[in-house]
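Below: one structure in structure tokens.
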Amino acid sequence: MSSSGSGVATAAGLCYAAIGTDTGGSIRNPASANGVVGLKPTYGRVSRFGVLAMADSLDHVGPMARSVADVAIMVDAIAGRDPKDPTSLEAPAPQAFKSLTGGIRGVRIGLDRDYALQGIDSGQAAAIDRALQVLQGWATLTNGDLLAAAEAEGFDVLVTTDKNLPCQQNLTGRRLAVVVIGHAQWPGLEPHVALVAAAIDRAVAGSYEVVEIPVG
């Protein structure tokens, strides 16, 4: 997985922190597997200039370090508007390190337990579960199942990115649910939805209805 070298080097103490790139988990997964902290920032918060694109609407650049405080320091150093990256955000980046004193009481954390804990190393799953138990003492933990929610609403296929498209299926008359995380807080995500829809057009045969499900 990409950015694994960054995760290993950080865990081994070869560097204070490292930069990774994340399209489908390549900051978060190496960080989790190596017992360090990895952050996939809000899209556009950190410039992607100079990064070889894999999927423009999904690629993120972010830090890995051995503590949350060190990651916050890294974010403060690399976040902000970059005129060389037209997708970077105009809004000033919040001060991550200063915000660490605010605590997380009252924060809502969404968890799809099956997605997060199945199919991974048992030690890694146990560590995640212990972290969740700690968080429950401060934040509100909400369990959910995106796939079950989509099926309950009568959708046939759940599409979150162009990586899990039902390629070459005839979807005539069927409904596709496009899950958009945090859409209510970030109206600028519509281009991402359009890109997913375009990928569907290239991958499937027949006519269909695409229904967007905002989450968050």
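The values are calculated or read from the model by the stated rules, or taken from the named source; none is laboratory data. From a predicted model like this one, the values you see are computed outputs, not experimental measurements. Backbone-built Cβ (ideal geometry, glycine too); neighbour counts: all protein chains shown.
Any idea which of V68, V37 is on the phi < 0 side of the Ramachandran plot, under 16 Å from the mean Cα position of the chain (by Cα) and not polar (S, T, N, Q)?
Going through V68, V37 in turn, just one is on the phi < 0 side of the Ramachandran plot, under 16 Å from the mean Cα position of the chain (by Cα) and not polar (S, T, N, Q): V37.
So which residues in region 1-52 are part of a loop (DSSP other than H, G, I, E, B), hydrophobic (A, V, I, L, M, F, W, C) and under 14 Å from V71 (Cβ atoms)?
Listed by number, the residues that qualify are C15, I27, V36, L39.
Which residues, counting only those in region 82-114, are modelled with pLDDT under 85 and either more than 25 Å from A69 (Cβ to Cβ) or outside any strand (DSSP E or B) (or both)?
Correct list: G102, G103, I104, R105, G106, V107, D112, R113, D114.
Considering region 20-69 alone, what residues qualify as being buried (at least 17 other Cβ atoms within 10 Å of the Cβ) and of a type in the set (A, V, I, L, M)?
Of everything in region 20-69, those that are buried (at least 17 other Cβ atoms within 10 Å of the Cβ) and of a type in the set (A, V, I, L, M) turn out to be I27, A31, A33, V36, V37, L39, V46, L58, V61, M64, A65.
Out of (1) surrounded by 15 or more Cβ atoms within 10 Å (Cβ to Cβ); (2) modelled with pLDDT of 85 or more; (3) not β-branched (V, I, T), the odd one out for L117 is which?
Of everything listed in (1) surrounded by 15 or more Cβ atoms within 10 Å (Cβ to Cβ); (2) modelled with pLDDT of 85 or more; (3) not β-branched (V, I, T), L117 misses just condition (2).
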